Every structure is written in structure tokens, then in C-alpha cells.
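First up is the structure itself, then whatever we jot down about it.
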Amino acid sequence: MSLDFALILTLLTLVCGLLWGLDRFVLAPRRRALAGDAAKPNETLDFFASLFPILAVILVLRSFVYEPFRIPSSSMMPTLLIGDFILVNKFAYGLRLPVTDTKILALGSPERGDVVVFRYPGRNPPLPNDPPVGTDYIKRVIGLPGDLILVADNRITLNGEPLVYHGGEVFVGTGPRAAVEMTGARRYMETLVPERPHAILTDAPFFAPRGDGEFRVPEGHYFVMGDNRDASDDSRFWGFVPAANLAGRADLIWLNCSNWACMDSFDWRRMGNVIH
């Protein structure tokens with residue numbers, strides 16, 4: 001169990017809740033019994049008790065409704081950029097308890113094409129620069145349980161049917177350095193879901209391993225890839241994502257800010273964009 005924000009928030013809520021209950025049902029009646037209407041509240045207890053309903057609402061919303069995330073890398077360009085702040089739907093794939101991630105209610109499962117946030121399952125064997133197991137990752141669901149996926153030269157064949165690609169215009173990146181470095185790549189529309197095509201970047205202007213291969217998705221797992229195919233560490237390299245590692249579905253960009261110190265680093269055009 002890592003000391004993360006969910007754990008800190010849960011502990012603070014429990015502590016403030018206990019203090020609120022102690023003050024309301026034990027100490028306050030005792031003060032009134034001793035001093036009557038002249039009884040004064042304990043200012044320290046009153047302060048922490050007043051935080052309880054606020055923390056409780058934040059905990060419920062963050063754990064069971066929507067949780068905010070910030071995009072830290074360019075692996076999902078051009079769909080998501082570094083500095084995008086997104087809302088992740090926490091009930092799309094079932095309700096889980098905070099901290100322990102124990103599922104308490106099954107509501108659905110990922111669909112092909114969903115952009116999902118999940119806990120990094122780890123690589124075997126691990127590489128020196130790998131992030132800690134459990135680090136939040138965001139990728140697109142390419143393969144569902146039972147699917148056979150062939151990846152060759154950044155093109156996907158799904159259950160024997162090659163995906164259709166349109167476009168191929170040269171990408172010109174603006175904004176964060178990572179986006180600028182992708183200038184010269186090719187932008188294609190990939191028809192993973194026919195009624196909902198999405199953009200990908202490939203043919204990057206720098207050398208990148210392609211991760212070609214054939215992959216059969218086991219039951220209870222998902223095959224995920226980044227939309228920035230030459231700059232994504234994903235299932236091609238470390239394997240499948242267990243269903244238990246899913247945190248939620250990325251639904252909406254609510255803010256983009258690559259540098260808080262500069263007003264011109266805010267991209268207001270991305271606010272409110274639905275993630276496809």
C-alpha cells in the first residue's frame with residue numbers, strides 16, 4: 001500500500017470524522033452539562049470537525065465519480081498533450097474502495113477504443129529506468145480478452161482484419177517541447193472503432209523500437225497502446241493490463257496548462273474537449 005494522495009485523503013477524512021463524532025456526541029454534551037448555555041466549543045476540535053464534511057465529499061467524488069489526472073508524457077499525442085488535465089470516470093468499470101482498490105460493484109468493462117487510466121503492471125524482467133509498479137498510465141484499449149492482435153510497422157491487424165488508415169499528413173507540433181519534437185511525424189486516422197476513428201502519430205523523426213509481434217489477449221486482461229506509436233511504452237513491450245489494474249475511463253479535458261508561471265501556456269481551446 002503506497003503512501004499516495006488517496007491514502008492521505010482517506011486518513012484525513014477518517015481522523016476528522018472521528019474528531020467530529022467525538023466532539024458532537026461526547027465532548028459537546030459534557031460541556032453543556034457542566035456550563036449550560038455558556039459552554040464554549042473547543043476551537044481546535046471544532047476546526048478539524050468542520051473539515052470532515054468537505055473532505056468526505058471530496059473523497060466520495062474522487063473515489064466513485066470523477067478523479068482529475070494530469071497528462072505527464074507525450075505517449076497519447078495527438079489525442080492528449082502534456083499539460084492536459086483530464087477527468088477520469090471512476091464508475092465506468094465498477095466501483096472500487098479507495099486505497100485498497102477492492103471492487104464492490106461491477107458496472108461495466110472497457111470497450112475497444114476507450115482511453116483508460118490504469119496502474120502499470122510491471123515488466124518481466126524490469127528495466128533500469130522502469131517506473132514503479134502501480135504508477136498511473138494512460139493508453140487506448142486496442143484488444144479485448146480473446147482478441148488476436150498483429151502489430152507490424154505500427155499498423156494493426158485485429159482478429160485477421162487489418163485496420164483502415166486514412167491521411168498521412170506531416171504533423172507540426174506546437175506548445176510543449178515534447179510536441180515540437182514530434183514535428184515531422186505522420187498523422188493518420190485509425191479506424192479501430194468504425195464510427196469513432198481516432199488520430200495517431202507514427203513515422204517519428206527519431207529512432208524508436210516498433211514492438212512488432214503477435215499477441216493473444218488472455219481472459220481478464222487488455223492490450224493497450226499509446227496513440228503516439230513511436231513514443232509509447234505499452235503492451236507491445238511489457239504485456240497485458242489486468243482488469244484489476246483499471247482505474248477508470250478518460251472522458252474530458254477540463255484544462256490545459258504546460259507551465260503555471262506563464263499565462264500564454266494555457267490552451268483555452270482544449271477546455272471541455274471530449275476524449276475519443
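Overview of values
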| read-out | value |
| --- | --- |
| Criterion: at pLDDT below 95 and under 27 Å from Ala199 (Cα atoms) - qualifying residue of Thr102, Thr157, Thr135 | Thr135 |
| Members of region 226-276 that are touching a residue at least 24 places away in the same chain (Cβ under 8 Å), farther than 23 Å from Ala106 by Cα and among the small types (Gly, Ala, Ser) | Gly226, Ala231, Ser232, Ser235, Gly239, Ser258, Ser265 |
| Residue within region 40-49 that is out of contact with any His (no Cβ under 6 Å at 6 or more places or on another chain) and closer than 30 Å to Pro197 by Cβ present | no |
| Single residue of region 167-179 satisfying the filter (closer than 13 Å to Ala231 by Cβ and more than 23 Å from the chain's Cα centre (by Cα)) that is surrounded by the most Cβ atoms within 10 Å (Cβ to Cβ) | Phe171 |
| Residue among Leu163, Leu97, Leu107 that alone is surrounded by fewer than 19 Cβ atoms within 10 Å (Cβ to Cβ), in the same structural domain as Asp234 (by TED's automatic domain parsing), in contact with a strand residue (DSSP E or B) (Cβ under 8 Å, 6 or more places away or on another chain) and under 18 Å from Val224 (Cβ atoms) | Leu163 |
| Members of region 148-172 found to be part of a loop (DSSP other than H, G, I, E, B) and over 21 Å from Ser235 (Cβ atoms), listed by number | Val164, Phe171, Val172 |
| Evaluation of Thr135 against (1) surrounded by 12 or more Cβ atoms within 10 Å (Cβ to Cβ); (2) farther than 22 Å from Pro72 by Cα (one fails), failing number | (2) |
| Elements of type strands (runs of 3 or more DSSP E) contained in region 45-132, each with 2 or more residues being under 28 Å from Gly184 (Cα atoms), in contact (Cβ under 8 Å) with a residue 12 or more places away in the chain and among the aliphatic types (A, V, I, L, M) | 115-119 |
| Single condition Phe223 does not satisfy, out of (1) out of contact with any helix residue (DSSP H, G or I) (no Cβ under 7 Å at 6 or more places or on another chain); (2) buried (at least 19 other Cβ atoms within 10 Å of the Cβ) | (1) |
| Unique match (being touching a Leu at 6+ places or on another chain (Cβ under 9 Å), in a loop (DSSP other than H, G, I, E, B) and touching a residue at least 12 places away in the same chain (Cβ under 8 Å)) among Gly211, Gly184, Gly175 | Gly175 |
| From the options His276, His198, His221, residue that is outside the structural domain of Val133 (by TED's automatic domain parsing) and under 18 Å from Ile138 (Cα atoms) | His276 |
| Candidates Ala56, Ala49, Ala106, Ala28, filtered to the one that is over 30 Å from Ile275 (Cβ atoms), within 33 Å of the chain's Cα centre (by Cα) and among the small types (Gly, Ala, Ser) | Ala49 |
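The values are calculated or read from the model by the stated rules, or taken from the named source; none is laboratory data. What you see is a predicted model, and the numbers here were worked out from it, not measured in a lab. Note that each Cβ is placed from the backbone with ideal geometry, even for glycine, and that neighbours are counted across all protein chains shown.
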